[in-house]
Amino acid sequence: MRFTKTDVLGARVIDPTPHQDDRGRFLRAWCSREFFEHGINFVPVQANMGFSARKGTVRGMHFQAKPALEAKLVRCTRGAMFDVVLDLRTASPSYGKWFATELTAENGRMLYLPEGCAHGYQPLEDGTEMHYMASEVYTPRAARGAHFDDPEFGIRCPLPATAVSE
């Protein structure tokens, strides 16, 4: 796997190094040793999947507050998505900054989000499915959100929003 730093402190784009032949491909989706070698102490305790029927749907920006802070490792398993990490850690030098990348089933790319950062995404194709692992179980009392188009953050999605939750 290739780990690339982003503008958000601690967030990483992780590109697989697949092994391909005439049968298809094989790629590593997570390895504790490789993450640790890149300064990431990530131990997943829960895995979740999301499906969006229509492109343009906006999901996020979601995060969990203390005492249930969570890091996430996100990937797209079908279709394509514009994936965003937003730094909400007030003591962070990248506080208020965001970074986005395109995750697709084809490119196998992943985005690692450290604790204290919010996550959101917009499907770029109908029928997009995503999978993420989290370092903390879902804790409803700690669940929080920020609006994706809050002018304070300036997040720019590539498509008009076709559906947004309340």
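The values are calculated or read from the model by the stated rules, or taken from the named source; none is laboratory data. Model, not experiment: these values are computed from the prediction. Here the Cβ positions follow ideal geometry from the backbone for every residue, glycine too, while neighbour counts run over all protein chains shown. Heavy atoms of the whole protein, side chains included, go into the accessibility calculation; ligands, DNA and RNA do not. Shrake-Rupley method; radii C 1.70, N 1.55, O 1.52, S 1.80 Å.
If you go through the stretch 29-39, how many residues are closer than 14 Å to residue 133 by Cα and in a loop (DSSP other than H, G, I, E, B)? Outline the logic, then answer.
Initial filter on the stretch 29-39 (closer than 14 Å to residue 133 by Cα): 29-32, 35.
Within this subset, residues satisfying the condition of being in a loop (DSSP other than H, G, I, E, B) are 29-31.
Total meeting the criteria: 3.
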Residue ID - surrounded by the most Cβ atoms within 10 Å (Cβ to Cβ), chosen from residues in the stretch 68-85 that are over 10 Å from the mean Cα position of the chain (by Cα) and outside any strand (DSSP E or B): 70
Can you tell me which of 54, 59 is in a strand (DSSP E or B), open to solvent by 60 Å² or more (accessible area, probe 1.4 Å) and in contact with a strand residue (DSSP E or B) (Cβ under 9 Å, 6 or more places away or on another chain)? 59
Just one of (1) of a type in the set (A, V, I, L, M, F, W, C); (2) touching a Lys or Arg at 6+ places or on another chain (Cβ under 7 Å); (3) assigned to a loop (DSSP other than H, G, I, E, B) trips up residue 91, so point out which. (2)
In the set 115, 125, which member is in contact with a strand residue (DSSP E or B) (Cβ under 7 Å, 6 or more places away or on another chain) and either surrounded by 13 or more Cβ atoms within 10 Å (Cβ to Cβ) or within 20 Å of residue 16 (Cβ to Cβ) (or both)? 125
Qualifying residue in the stretch 129-152 (condition: open to solvent by less than 40 Å² (accessible area, probe 1.4 Å), in contact (Cβ under 8 Å) with a residue 12 or more places away in the chain, of a type in the set (A, V, I, L, M) and touching a Ser or Thr at 6+ places or on another chain (Cβ under 9 Å)): yes
Among what's in the stretch 1-28 and is open to solvent by 80 Å² or more (accessible area, probe 1.4 Å) and part of a strand (DSSP E or B), pick the residue that is farthest from residue 107 (Cα to Cα). 5
Restricting the search to the stretch 138-166, which residues are of a type outside the set (D, E, K, R), closer than 29 Å to residue 44 by Cβ and not in a strand (DSSP E or B)? 138, 139, 140, 142, 146, 147, 148, 153, 155, 157, 158, 165
